[in-house]
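The values are calculated or read from the model by the stated rules, or taken from the named source; none is laboratory data. Predicted, not measured: the structure shown is a model, and the values here were computed from it. Using ideal geometry, Cβ is built from the backbone for each residue, glycine included, and neighbour counts are taken over all protein chains shown. Side chains included, ligands, DNA and RNA excluded: accessible areas come from the protein's heavy atoms. Shrake-Rupley method; radii C 1.70, N 1.55, O 1.52, S 1.80 Å.
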Amino acid sequence: MTKADIANSFIHAWKLKSYLEYNKYDGENLYADVNCPEKEIAFIPEVSFLDAGTAERLLYQARIFATRQIFSVEELLQAYSGKKFDIIFFDPVHIRPDVDYALRALPSLLKDGGVLLVHDCNPPRKEWTDRVRKFGPWVGETFKAFALFRRYNPSAAMVVDEDFGVGIIVNRNLTLDYPCSEDIEFETVSADKRSYLGLCSYDEFTAHLNEGRLPELLTSLPHPEDNSGWHPVTGQRDDDLTVDRRVELGKCRCVVTSPAGCAAHERDLRYDSMAQRLRIPLPSTAQAVEIQFSCGPACFIIQQMDVLDGSGFVHWKWRGDLSRWHSPANVRYVTVGLHQILFCVGTEPGSISFNLDGSTAGFPPDAQLEIGIVPLTPVTGQLIGGVYDAFEAPHITSAQKRISALEWLAADLARQLDEANALVRQWDRRLQLADGLVTERDLQLREAAALIEERDRRIALADEFVRARDHEIAILRQQLAEISERVDIQPASTAR
């Protein structure tokens with residue numbers, strides 16, 4: 001059984017009418033598999049992980065669902081304010097405290113008695129529960145957030161032991177203001193999943209659901225009496241959950257080099273795809289500038305770089321030539337339309353350097369370097385970096401690039417092939433009908449040919465009969481002539 005089966009079981013048993021899915025943008029969504037009259041879908045702005053392998057799937061996803069459907073939890077609550085759903089399916093990014101915050105916030109979008117389904121609440125292996133996302137199977141810390149939710153709502157939460165554990169939360173008299181700064185170990189939960197997670201089998205769940213006894217099952221599931229095993233989360237505070245998570249913050253460090261030495265200036269960056277102006281004071285003998293980005297995945301557009309004096313007069317202007325930059329560290333760039341987008345690669349901070357050439361007399365004392373920069377949202381940076389890694393990275397051979405490109409076209413080709421196959425099947429049916437008509441025509445032609453052959457045979461027989469008759473007539477005429485001659489001769493002999 002799958003998570004979609006559990007969602008459809010609720011919809012069928014409780015006659016639910018409205019469904020909201022809040023899923024990862026590069027994940028496998030249930031939208032097409034859920035049978036509900038009214039359906040909505042929104043996506044989590046995942047910023048923690050994206051590689052070349054998932055970039056193509058994400059791009060394919062972007063062709064089906066609009067990127068404007070990507071919402072943080074705060075934006076989701078705002079986008080659907082005033083609307084309530086019967087059932088919500090939530091497939092989190094599996095990182096705390098984000099999952100804790102979502103579990104406390106999403107019930108506000110449910111009707112009274114509505115259902116929140118949460119995926120990946122029963123990890124089978126400890127190595128799949130690392131806090132940092134990694135390659136291969138990974139369910140992160142969602143099970144901890146769900147266990148904590150159930151600690152404060154024991155009669156409203158349970159987990160069905162299917163598809164890595166599907167958590168069920170019934171929205172009725174929930175406690176949502178509990179502290180989230182508590183942690184628990186995988187071994188502790190695994191030793192007593194029935195108590196910590198409210199784990200039950202799919203058969204047990206469906207039997208109670210179909211008989212209308214799900215509340216009875218929820219209240220009968222045990223939970224640790226003393227809530228043992230919980231301990232404070234290291235380095236996390238409850239007020240972390242009140243931070244506006246819609247904007248990723250970072251630092252930009254500009255190092256100006258002159259004959260007198262180097263001077264560093266730090267500026268804040270907001271990765272929200274909005275233009276920002278950074279102003280860096282320059283000494284009159286400034287020679288070069290290095291820009292260091294400390295927040296990754298850094299992805300940005302450089303709109304302009306000018307050296308201005310106090311009156312706004314431009315003493316030096318960057319012409320947009322990226323080739324003039326030297327010694328880039330962990331930075332790549334791609335051209336998208338009219339923009340040249342730079343992004344950091346790897347795990348180390350990126351930096352770019354360029355010379356302030358063009359002024360032999362030096363700059364005025366009040367000169368400033370003004371940088372027009374658009375720091376893009378992290379998910380955009382991840383996407384562009386993943387696409388670059390898939391198609392442009394120097395370590396990938398031309399053959400591999402062509403293979404990746406072909407794989408990327410496979411989805412379109414598959415759709416076109418399906419349409420072509422449908423047309424072929426249609427024409428096959430028409431050809432079969434035509435073949436039937438041709439076969440019938442051939443049969444009729446063969447019958448006509450047989451009739452013609454029979455006619456020709458009869459005509460030949462008639463011709464033969466006519467020739468035989470003519471021959472008999474000729475014989476009769478000859479005999480008649482001979483008789484006539486005898487009649488003429490006989491009277492003369494009698495007279496003598």
GLY167 among the small types (Gly, Ala, Ser), open to solvent by less than 10 Å² (accessible area, probe 1.4 Å) and not in a loop (DSSP other than H, G, I, E, B): yes
In segment 18-37, what count of residues is obtained for those that are in contact with a Cys (Cβ under 6 Å, 6 or more places away or on another chain) and either free of Cβ contacts under 8 Å to residues at least 60 places away in the same chain or under 15 Å from THR2 (Cα atoms) (or both)? 0
Based on what the data block shows, is ALA191 at pLDDT 95 or above and either touching a Pro at 6+ places or on another chain (Cβ under 7 Å) or closer than 20 Å to TRP230 by Cβ (or both)? no
Scan (1) at pLDDT 90 or above; (2) within 25 Å of ARG104 (Cα to Cα) for the single condition CYS180 breaks and write down its number. (1)
Could you run through segment 266-287 and say how many residues are buried (at least 16 other Cβ atoms within 10 Å of the Cβ) and at pLDDT 80 or above? 6
So, in segment 106-155, of the ones that are among the aromatic types (Phe, Trp, Tyr) and under 22 Å from SER181 (Cβ atoms), which residue ends up most open to solvent (accessible area, probe 1.4 Å)? TYR152
Every residue in segment 169-194 that is closer than 17 Å to PRO123 by Cβ and under 32 Å from the mean Cα position of the chain (by Cα), please. PHE186
